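Engineer: Can you read through this structure? Questions will come right after.
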Amino acid sequence: MSDLEQELSALRTAAEQSLQSADSADALKEWHRTYLSRTGALTTALRRLKEVPADRRAEVGRVANELKTILETALHARETAVEQEADRAGSVDVNVDVTLPGRPLPIGHLHPSTAAIQEIYRIFHGLGFSAYEAPEVETDRINFELLNMPAGHPARDMWDTFYTTTPGLVLRTHTSSFQMHAMWQTAPAPVRVVSAGKCFRYEEVTARSEFMFHQLEGVAVGPGITFADLKSVLLEFANQFFGPGQKMRFRKSYFPFTEPSVEVDVACTLCKGAGCHLCKQTGWLEVLGAGMVHPTVLKNGGYDPTKVSGFAFGMGPERLTMLKYQIDDIRYFFSNDVRFAERFP
Ligand code: PHE
């Protein structure tokens, strides 16, 4: 073995040993300068290749080049290890606690009107009612005429109407139009159904009224249905929606499509009937309109009013929600302010 070969072997041992104790970027730079740079030990040694006997020179040259590759590879590996070690010591991100629960993704939930409609549907489902959908654009005939309000009937003034450019076609002013669809589908068999959806009124928008809102209509027709059935169904509904022990009162009223007609109040949800600002000191809050289906409407729906009777009611999910949670402005529902929607579960 030539002197140079012995020197290269010693150089390798020394370089590998000192690399293991280099533990910072600066130390690694220094190591590179000592062994691998143009003035480093390996280059210096190679300059003496010409001293090696000619028959060994090619072999020693090969060993020296191999050593260069080995040391470069070892340097890269050591650099990576030192970097990782620094990361581990300096930054918390590397120490991930995989047992922590994940961060929840923000997901939406039902709009308060939809949530109220679903809750009301659930209650009436328990009382044997099925749910249907009905059109929002309606004929004058179905929205008014067949509900016992022929053209020119003064009661039409109760509903300020959006007319369309098509004569005879209106945006429904109430879900009572659904009564006709429900009866036509089922007559002469008994029917017990509810339907919720949008209604439209040509009205100024105030804290108490929107030009678009929801209503939920219920209708039951069959032999021997009485006003007592209407009362018990509505009382059961109020107890489930507002909570047990909810008091209710029926006031006589007028709708062309029911006779007799009532408006229904519940005892104030805030003061429990004692009198406060929410109920304007009366102790009562109006929640819906109802009555026994008018014989003319039964006839228009395909029933024989001498054989069957029925009741109908219409309520506003927004209004019910306002009363339940003491919300003082209906405009919150449709103003697209997520802060309002987020207050509901
Ligand atoms: N449609 C009526 C309204 O919009 C409410 C109602 C429904 C009254 C069913 C009686 C029966 O005010």
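The values are calculated or read from the model by the stated rules, or taken from the named source; none is laboratory data. Since the model is a prediction, treat every value here as computed from it, not as a measurement. Here the Cβ positions follow ideal geometry from the backbone for every residue, glycine too, while neighbour counts run over all protein chains shown. Areas reflect the complete protein model, heavy atoms only, side chains present, ligands, DNA and RNA absent. Shrake-Rupley method; radii C 1.70, N 1.55, O 1.52, S 1.80 Å.
Engineer: Identify all residues within the range 247-262 that are surrounded by fewer than 17 Cβ atoms within 10 Å (Cβ to Cβ) and of a type outside the set (Asp, Glu); write none if there are none.
Structural biologist: Lys247, Arg249, Arg251, Lys252, Ser253, Tyr254, Pro260
Engineer: Go through the range 166-190 and give me each residue that's in contact (Cβ under 8 Å) with a residue 40 or more places away in the chain and crowded, with 19+ Cβ neighbours inside 10 Å.
Structural biologist: The answer is His174, Thr175, Ser176, Ser177, Phe178, Gln179, Met180, His181, Ala182, Met183.
Engineer: Could you tell me whether Thr282 is outside any strand (DSSP E or B), among the β-branched types (Val, Ile, Thr) and open to solvent by 30 Å² or more (accessible area, probe 1.4 Å)?
Structural biologist: Yes: the conditions hold for Thr282.
Engineer: Report yes if Val287 is modelled with pLDDT of 90 or more and within 16 Å of the ligand (Cβ to nearest atom), otherwise no.
Structural biologist: yes
Engineer: Ok, one more. If Val264 satisfies all but one of (1) over 18 Å from Arg208 (Cα atoms); (2) within 11 Å of the ligand (Cβ to nearest atom), what's the number of the condition it fails?
Structural biologist: So Val264 meets the others, but not (1).
Engineer: Evaluate the range 128-142: report whether one residue or more is over 25 Å from the mean Cα position of the chain (by Cα) and at pLDDT below 95.
Structural biologist: Looking through the range 128-142, none of the residues is over 25 Å from the mean Cα position of the chain (by Cα) and at pLDDT below 95.
Engineer: Just checking, does the range 180-189 include any residue being in a loop (DSSP other than H, G, I, E, B) and within 16 Å of the ligand (Cβ to nearest atom)?
Structural biologist: No, the range 180-189 has no match at all.
Engineer: Could you look through the range 190-233, keep only residues that are part of a loop (DSSP other than H, G, I, E, B) and within 25 Å of the chain's Cα centre (by Cα), and pick out the one that is nearest to Thr321 (Cα to Cα)?
Structural biologist: Among those residues, the one meeting the criterion is Glu210.
Engineer: Could I ask something else about it? Kindly list the number of the only condition in (1) surrounded by 13 or more Cβ atoms within 10 Å (Cβ to Cβ); (2) at pLDDT below 95 that fails for Thr206.
Structural biologist: Among (1) surrounded by 13 or more Cβ atoms within 10 Å (Cβ to Cβ); (2) at pLDDT below 95, the lone unmet condition for Thr206 is (1).
Engineer: Given the options Phe162, Phe241, Phe211, name the one that is among the aromatic types (Phe, Trp, Tyr), open to solvent by 20 Å² or more (accessible area, probe 1.4 Å), away from the ligand (no atom under 12 Å from the Cβ) and closer than 26 Å to Gln118 by Cα.
Structural biologist: Of the residues listed, the single one that is among the aromatic types (Phe, Trp, Tyr), open to solvent by 20 Å² or more (accessible area, probe 1.4 Å), away from the ligand (no atom under 12 Å from the Cβ) and closer than 26 Å to Gln118 by Cα is Phe211.
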